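Peer 1: The structure under discussion is supplied below as structure tokens; questions concerning it will follow.
Rule-based calculations on the coordinates, nothing more; no lab input. Note that this is a predicted model, so its numbers are computed, not measured. All Cβ positions, even for glycine, are placed from backbone atoms using ideal geometry, and neighbour counts span all protein chains on display.
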Amino acid sequence: MKTVLEVFDVDMKIGDTVKIKVFIEPEADRFAINLGKDDFDLALHLNPRFDDDEDGQVIVFNSKEDGEWYTEQREDSVLFEKGEYYKFCITFLEEKFEIKLADYVLEFPNRSSMDIITFLSVQGDVRVKSLKFD
Ligand code: GAL
């Protein structure tokens, strides 16, 4: 996936929220929002896919340590539409990430008990409309 946005030296502590609004390209295949220490150490990889080989439309969640992906978690209850805007409010908690969308709340465990997020990236077939750290 192409890199759309990378922010280094992020200062997100437990309890903090980042709000990201994206526009999904009309011909999108997939995109991802990542939080962690760097591209080799991700506590959250949130990866909506429109045409996954196994599941078709699905959100793949994973984490990465030392460049190695861990076990995927998959969620197929949230359907995104291409050519639309979506706002993700991601709250970083000690035990999990809470991801709020307009009509859904998703969760992914903070598997490596990361206590500070210093890296954020957005990849794939989206444009970033807004980004705010709260
Ligand atoms: C891989 C994919 C990565 C990432 C990972 C998550 O197959 O190439 O971009 O999404 O799955 O487990």
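Peer 1: What about Val78, is it touching a Lys or Arg at 6+ places or on another chain (Cβ under 9 Å) and farther than 16 Å from Val18 by Cβ? Don't jump to the end; show me each part of the working.
Peer 2: Numbers: touching a Lys or Arg at 6+ places or on another chain (Cβ under 9 Å): no; farther than 16 Å from Val18 by Cβ: yes.
Answer is no for this residue.
Peer 1: With respect to Asp29, determine if the residue is without any contact (Cβ under 8 Å) to a residue 24 or more places away in the chain and either on the phi > 0 side of the Ramachandran plot or over 13 Å from the mean Cα position of the chain (by Cα) (or both).
Peer 2: Values: without any contact (Cβ under 8 Å) to a residue 24 or more places away in the chain: no; either on the phi > 0 side of the Ramachandran plot or over 13 Å from the mean Cα position of the chain (by Cα) (or both): yes.
It is false that Asp29 is without any contact (Cβ under 8 Å) to a residue 24 or more places away in the chain and either on the phi > 0 side of the Ramachandran plot or over 13 Å from the mean Cα position of the chain (by Cα) (or both).
Peer 1: Among the strands (runs of 3 or more DSSP E) lying completely within the stretch 43-134, list those that include at least 2 residues that are surrounded by 13 or more Cβ atoms within 10 Å (Cβ to Cβ) and in contact with a His (Cβ under 8 Å, 6 or more places away or on another chain).
Peer 2: Details: elements: 56-65, 73-75, 85-92, 96-100, 105-109, 119-124, 126-133.
Here the list reads 56-65.
Peer 1: Could you tell me which numbered condition Met1 fails, if it satisfies all but one of (1) touching a strand residue (DSSP E or B) at 6+ places or on another chain (Cβ under 6 Å); (2) under 16 Å from Phe133 (Cβ atoms); (3) not basic (Lys, Arg)?
Peer 2: (2)
Peer 1: Taking the stretch 1-38 as the search range and keeping residues that are in a loop (DSSP other than H, G, I, E, B) and touching a Lys or Arg at 6+ places or on another chain (Cβ under 8 Å), which one is nearest to the ligand (Cβ to nearest atom)? Break it down stepwise before answering.
Peer 2: Of the residues in the stretch 1-38, the ones in a loop (DSSP other than H, G, I, E, B) are 1-2, 8-11, 14-16, 25-29.
Cutting the leftovers down to touching a Lys or Arg at 6+ places or on another chain (Cβ under 8 Å) gives us 1, 25-29.
Values: Met1: 6, Glu25: 17, Pro26: 21, Glu27: 18, Ala28: 14, Asp29: 11 Å.
For the stretch 1-38, the residue satisfying everything is Met1.
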